[in-house]
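Let me begin by presenting the structure, written as structure tokens, before commenting on it.
The values are calculated or read from the model by the stated rules, or taken from the named source; none is laboratory data. These numbers were taken from a predicted model, which means no experiment stands behind them. In this analysis, Cβ positions are derived from the backbone assuming ideal geometry, glycine residues included, and neighbour counts consider all displayed protein chains. Calculation scope for accessible area: heavy atoms of the full protein, side chains included, ligands and nucleic acids excluded. Shrake-Rupley method; radii C 1.70, N 1.55, O 1.52, S 1.80 Å.
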Amino acid sequence: MKMKLNEIVLEAPDFGGGRVAEDRPINMAELSDKTSSDVIVLDEVLKNFSVRLRKDMLEIAMNTGKRRARFVEELKLAAEDVCASDLVVKASAFLSNPKDAGKLAKLTQSMVSTSIFLASIRRV
């Protein structure tokens with residue numbers, strides 16, 4: 001069952017109402033292209049990323065130093081796969097200077113925004 005992704009998620013609560021794709025934590029149009037607009041595959045990809053994001057958020061919060069950086073690097077790679085460009089940018093910035101508390105705060109905010117977005121579209 002294939003349908004245009006825009007018909008499914010672009011009006012998701014808290015993230016719909018005319019916002020352009022670049023404003024969303026995940027570029028759904030780009031991810032739709034990657035999944036050949038297959039709604040079942042897309043849902044599975046988003047579900048798996050959501051689980052990974054929650055796990056990594058916890059690990060990043062509970063660890064420091066090289067261990068934290070390892071989880072951020074893994075999250076960055078997963079974010080690239082699901083077209084979560086803001087998360088990729090914030091993770092890269094953190095990795096460039098892991099001792100900068102401001103970069104960790106921005107990364108944390110991006111993780112939270114992405115998690116909220118995922119929860120909102122999974123309700124649709």
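Computing FRET efficiency as 1/(1 + (r/R0)^6) for residue 69 and residue 112, where r is the C-beta to C-beta distance and R0 is 25 Å, gives about 0.80.
Suppose all protein chains stay in the model; what accessible area per residue would a 1.4 Å probe give for region 48-124, in Å²?
Values: 4120 Å² over 77 residues.
Accessible area per residue, region 48-124: 54 Å².
Shown are 57, 62, 28, whose ranking by accessible area with a 1.4 Å probe and every protein chain present, most to least, is 62, 57, 28.
Rolling a 1.4 Å probe across all protein chains gives residue 106 an accessible area of roughly 130 Å².
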